[in-house]
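Let me begin by presenting the structure, written as structure tokens, before commenting on it.
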Amino acid sequence: MVGDARVAAEAASAYANESGRRARVVTSALEGEASDVARRIVGEARSLVSGELLVYAGETTVTVKGQGVGGRNQELALAASIEMDGDDGLVLLSLGTDGIDGMNPAAGAFADGSSVSRGRNLGLDARDSLDRNDSHTYLSAIGDTVVCGPTGTNVGDIILVYRSGDRV
């Protein structure tokens, strides 16, 4: 079977809808600086009502300025966590479909409105970690990375953002 980002996004949306969520694909051609894209996605997600899910697919980029460990999906998730800080109803997942996100074991990461405070409780600074491109260290410390190993396929990245009715 030959697939692409559009097929992956539509499959994710269909699965979510079959599972009782209200999902829609926003784009299957996502691009731009990961931090900027995160701000845009969270801005769009703020209008979601409970049970709604937005699906994005594509590939962002990261302008590396620091010496940290991370990848574009973890960078996007960390930037999103800063934007979502205190919003207990939003949760975001950003993953590489190949199971790889940079030079670390993670495929990507989760982020929610508690990610920044959970890091702060461990003595970590989300903004500083983002500025140093050290998203993996931060997100791994708070337990928000996703490790699945190589999948054997690559159709880009999938980003899901969901509005829960309950505290996430």
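Brief remarks follow.
- If the condition is being buried (at least 20 other Cβ atoms within 10 Å of the Cβ) and on the phi > 0 side of the Ramachandran plot, then the range 112-168 contributes ASN133, GLY156.
- Beta carbons closer than 7 Å, at least 6 apart along the sequence or on distinct chains, pair a first residue in the range 15-39 that is under 23 Å from SER81 (Cβ atoms) and among the small types (Gly, Ala, Ser) with a second that is surrounded by fewer than 16 Cβ atoms within 10 Å (Cβ to Cβ) and at pLDDT 95 or above for ALA23/ASN17.
- The listed residues are ASP85, ASP98, ASP125, ASP112, and the only one of them that is at pLDDT 95 or above and out of contact with any helix residue (DSSP H, G or I) (no Cβ under 7 Å at 6 or more places or on another chain) turns out to be ASP125.
- Screening the range 82-168 for helices (runs of 4 or more DSSP H) wholly inside it with 1 or more residues that are closer than 20 Å to GLU33 by Cα and in contact (Cβ under 8 Å) with a residue 60 or more places away in the chain returns the ranges 126-131, 135-141.
- Qualifying residue in the range 54-72 (condition: out of contact with any Lys or Arg (no Cβ under 7 Å at 6 or more places or on another chain) and in a helix (DSSP H, G or I)): yes
- Failed condition for ARG39, given (1) under 11 Å from LEU130 (Cα atoms); (2) at pLDDT 95 or above: (1)
- Output for the range 38-53, where each listed residue is of a type in the set (A, V, I, L, M) and either farther than 22 Å from ARG163 by Cβ or assigned to a strand (DSSP E or B) (or both): LEU53
- Being in contact with a Pro (Cβ under 6 Å, 6 or more places away or on another chain) and within 20 Å of THR145 (Cβ to Cβ) is a property that GLY99 has.
The values are calculated or read from the model by the stated rules, or taken from the named source; none is laboratory data. Every value quoted in this text rests on a predicted model; they were computed, and no experiment measured them. Using ideal geometry, Cβ is built from the backbone for each residue, glycine included, and neighbour counts are taken over all protein chains shown.
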